[in-house]
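Only the coordinates and a few stated rules stand behind these numbers; no lab work does. Being a predicted model, the structure only gives us computed values, none of them experimental. Glycine gets a Cβ as well: all are built from the backbone with ideal geometry, and neighbour counts include every protein chain shown.
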Amino acid sequence: MKILIIADDLSGAADCAIGYASAGHRTVVTLEAARTAAHDGADTIAVDTDTRRLAPHEAAARTSAAYTEMNTRGQRLYKKIDSTLRGNWAAEVAGLQRLAGMAIVAPAFPATGRTVRDGRVFVHGEPLDQTATWKLEHAGLPAGIADQLEAAGLRTDRLDAEALAGEPDTLAVCIGAMAANGVQALIVDTQSEKALRALAQASLRSDAPFFWVGSGGLAREIAALIPRNDATSQPATETFPGGPILILVGSLSAVSERQCAMLRERGGVEELIVPPVVLREGRSHRDWRAWQEQVGVSLKSDCDLLLRIGRDDAFDPAEGAQLSAALAALVEPHFTKTGGVIATGGETARAMLAAARIGNLHLLAEVEAGVAVAKPLDATRAHRPGVVTKAGAFGTDHALYAAWLTLRNETERDVVSH
């Protein structure tokens with residue numbers, strides 16, 4: 001069985017697809033919804049539609065078009081959504097439901113503290129609508145999964161997989177019955193990996209037309225159940241070319257701040273924080289060239305560099321894509337001097353790859369849950385740095401440091417012994 005993953009941002013596409021790579025499936029992430037020879041032999045293809053900040057109707061249309069273009073016989077659809085329900089996910093699911101059948105909606109990712117109970121998302125036990133991120137970006141909007149799906153025009157129902165975690169056969173019967181009763185979006189309560197595993201087993205046994213809607217949690221349980229194609233499975237180990245590591249951080253989350261602090265402390269990397277006003281004005285800003293030259297000096301001297309977007313009183317979360325594109329443009333002349341690149345935040349990762357003209361990534365391994373390691377897919381490319389992508393408010397405090405060690409072909413013990 002082959003899997004098509006459709007995600008609304010790049011880090012999401014990678015952190016969902018990496019579960020398949022880790023299970024031994026040949027897995028590719030692409031920035032364009034267009035089949036090419038580069039995708040031949042892939043068991044799993046993850047498409048970044050870059051729709052998170054579009055208007056809902058535009059996002060739905062682009063997502064549906066991506067499915068129509070990329071769908072093939074013998075392939076199952078997995079619609080990757082953010083585990084905290086950011087973006088236009090409900091409109092996108094509604095568009096896909098008309099094409100692919102009933103949506104089985106399970107955004108839980110217990111390994112990262114995201115669970116679903118009574119049709120509501122909880123983050124480390126806190127209701128989603130009480131979290132700082134939701135209050136910042138979605139204040140006053142309903143956080144209930146059914147509320148959002150029904151507003152997009154779908155008929156919903158709910159199923160508690162936690163109660164049936166030891167009975168996948170019964171769970172499969174329930175899924176089939178709900179599909180037969182005309183349910184368009186089935187919301188599944190899942191608070192543990194055991195429940196997600198039972199849901200994966202049950203849904204794979206179902207003959208009803210359906211597609212999965214979830215985060216990386218359900219994806220990795222499905223990946224573990226699909227037979228691996230040994231002819232196309234991943235190599236056991238991978239080394240990276242050496243040279244300075246560039247770490248781009250577009251996220252301003254408290255999680256990213258802690259990760260940067262550990263990287264500075266343990267890795268001793270140089271840090272530059274670019275003022276947002278420089279990135280807003282881009283090449284027209286009087287200090288643009290000076291910042292660009294400063295980045296070049298660090299990389300030419302073989303220094304690992306942590307490059308971050310600063311914050312000021314005029315900062316608006318909606319300008320993330322613009323600032324990320326400017327950050328990528330700032331480093332683009334020096335990109336080929338890097339041996340590895342780490343990008344935190346989906347917009348930052350996509351902007352970086354676009355500036356470097358990398359359209360496809362071959363996923364290799366996982367640093368920790370949701371932190372994906374890859375290389376450019378094109379083997380004829382002269383510059384093929386290691387690439388790590390990570391969602392901004394994601395991962396342990398150790399995540400960036402662990403990714404840095406991976407691209408340096410080192411372990412923590414190696415660094416301590418230096």
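Quick look at the numbers
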| quantity | calculated |
| --- | --- |
| Net charge of Cβ neighbours under 12 Å - reference THR112; Lys, Arg +1; Asp, Glu -1 | -1 |
| FRET efficiency, GLN201 to ARG98 (Cβ-Cβ, R0 30 Å, nearest 0.05) | 0.65 |
| Extension gain, GLU319 back to GLU270 (0.36 nm per residue minus Cα-Cα distance, nm) | 15.0 nm |
| Proximal lysines to LYS390, defined as alpha-carbon separation beneath 21 angstrom and excluding residues fewer than eight positions away on the same chain | LYS79, LYS80, LYS375 |
| Two-site FRET efficiency, ALA163 against GLN130, from Cβ-Cβ distance with R₀ of 22 Å, rounded to 0.05 | 0.30 |
| Inter-centroid distance (Cα atoms) of the range 27-103 relative to the range 127-155, Å | 21 |
| Cβ-based net charge around ILE45, under 15 Å, with every Lys or Arg adding one and every Asp or Glu removing one | +2 |
| Highest to lowest packing among 247-256, 77-86, scored as the average C-beta count within 10 Å | 77-86, 247-256 |
| Sum of side-chain charges, GLY125 neighbourhood, beta-carbon under 11 Å (Lys, Arg +1; Asp, Glu -1) | +1 |
| Rough spin-label spacing in nm, given labels placed 7 Å along Cα→Cβ, for ALA55 and ASP40 | 4.1 |
| Two-site FRET efficiency, ASP118 against ASP397, from Cβ-Cβ distance with R₀ of 22 Å, rounded to 0.05 | 0.10 |
| Rough spin-label spacing in nm, given labels placed 7 Å along Cα→Cβ, for ARG283 and ALA111 | 4.2 |
| The range 245-417 shape via C-alpha gyration tensor axes, a/c threshold 1.5 | rounded |
| Gain upon complete extension [LEU141, THR170; 0.36 nm per residue less C-alpha separation] | 6.9 nm |
| Label-to-label distance, nm, for residues given as ARG381 and GLN75 (7 Å Cα→Cβ offset) | 2.1 |
| Note, ³J(HN,Hα) from phi for the range 86-98, Karplus 6.51, -1.76, 1.60, rounded to Hz, x at Gly and Pro | 7, x, 9, 4, 5, 5, 5, 5, 4, x, 6, 4, 5 |
| Overall form of the range 2-225 per C-alpha gyration tensor (a/c, 1.5; a/b vs b/c) | rounded |
| Nearest-20 debye value, the chain charge dipole, Cβ charges on Lys, Arg, Asp, Glu | 760 |
